[in-house]
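Read through the structure below, which is laid out as structure tokens, and then see the notes.
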Amino acid sequence: MRTHRTAYLGIFTALAMILSYIETVFPFLGGIPGVKIGIANSMSLSVLYLMGYQAAFLIAVFRIVLTGILFGNAASVLYSLGGAVFSLIIMILVKKTEIFSVVGTSIAGGISHNIAQLLVATLLVENLSVLYYLPVLLISGAVAGLVVGVVSQELVKRIPGRILDELGVNSLEKSGK
């Protein structure tokens with residue numbers, strides 16, 4: 001089972017990297033600085049529901065570091081890691097409440113991701129004036145979270161039972177509860 005789990009982690013990481021690359025080549029929300037859907041986060045969110053928080057953390061970190069090395073720079077890695085770690089913590093906490101669906105968890109993650117990135121920006125530029133961008137990032141985080149959540153919810157629903165058995169996921173976990 002460990003071999004299957006490792007293989008699926010590799011597949012989800014590769015898919016996340018591909019989605020991340022596509023989004024850098026074809027920005028969906030061009031024109032608004034720093035705003036993007038972040039569709040690659042659907043892999044981390046799906047893995048959170050399918051394989052747990054440790055696997056989701058690995059997917060997020062590997063994707064960010066590898067895409068940063070291949071297509072980005074040190075600053076992009078810092079912003080992305082700050083956002084990913086904070087949003088994963090928030091999503092794990094939200095998921096544990098069992099009140100929210102995958103979509104609700106994702107919206108919380110999208111908003112918290114943007115808040116964390118804004119805090120990283122504040123620290124890097126040593127200027128509080130970047131906080132004026134908060135309303136734009138809260139709205140875009142909610143919209144991006146909605147899109148990522150819908151994609152992730154569908155992905156989690158459509159993963160075949162055979163694969164879930166290989167991952168050791170029972171039907172209760174798959175339902176998102």
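The values are calculated or read from the model by the stated rules, or taken from the named source; none is laboratory data. Predicted, not measured: the structure shown is a model, and the values here were computed from it. With ideal geometry, Cβ positions are generated from the backbone for all residues, glycine too; neighbour counts draw on all protein chains shown.
Give all pairs with beta carbons closer than 9 Å in which a residue from region 55-82 that is outside any helix (DSSP H, G or I) meets a residue that is surrounded by fewer than 17 Cβ atoms within 10 Å (Cβ to Cβ) and not acidic (Asp, Glu); count only pairs at least 6 apart in sequence or on separate chains. What qualifies is Gly72/Thr24. May I ask you to verify whether Ser76 is buried (at least 21 other Cβ atoms within 10 Å of the Cβ), touching a helix residue (DSSP H, G or I) at 6+ places or on another chain (Cβ under 6 Å) and of a type in the set (Ser, Thr, Tyr)? No. Taken over region 109-153, the criterion of being within 22 Å of Ser76 (Cα to Cα) and small (Gly, Ala, Ser) is satisfied by Gly109, Gly110, Ser112, Ala116, Ala121, Ser129, Ser140, Gly141, Ala142, Ala144, Gly145.
The set of residues in region 83-98 that are of a type in the set (Val, Ile, Thr) and without any contact (Cβ under 8 Å) to a residue 24 or more places away in the chain comprises Ile89, Ile90, Val94, Thr97.
From the set of residues in region 36-54 that are touching a residue at least 60 places away in the same chain (Cβ under 8 Å) and not in a helix (DSSP H, G or I), which is surrounded by the fewest Cβ atoms within 10 Å (Cβ to Cβ)? In this case the residue turns out to be Lys36. Restricting to region 6-35, and then to whatever is in a helix (DSSP H, G or I) and either more than 19 Å from the chain's Cα centre (by Cα) or among the polar types (S, T, N, Q) (or both), can you tell me which residue is modelled with the highest pLDDT? The residue in question is Thr13. Here Ile99 meets each of (1) part of a helix (DSSP H, G or I); (2) at pLDDT 95 or above with one exception, condition (1).
Take Ile115 and decide whether it is in a helix (DSSP H, G or I) and closer than 22 Å to Ser80 by Cβ. So Ile115 fits the description; yes. Given the criteria in contact (Cβ under 8 Å) with a residue 24 or more places away in the chain and at positive phi, does Glu126 qualify? Taking the combined requirement at face value, the residue does not satisfy it.
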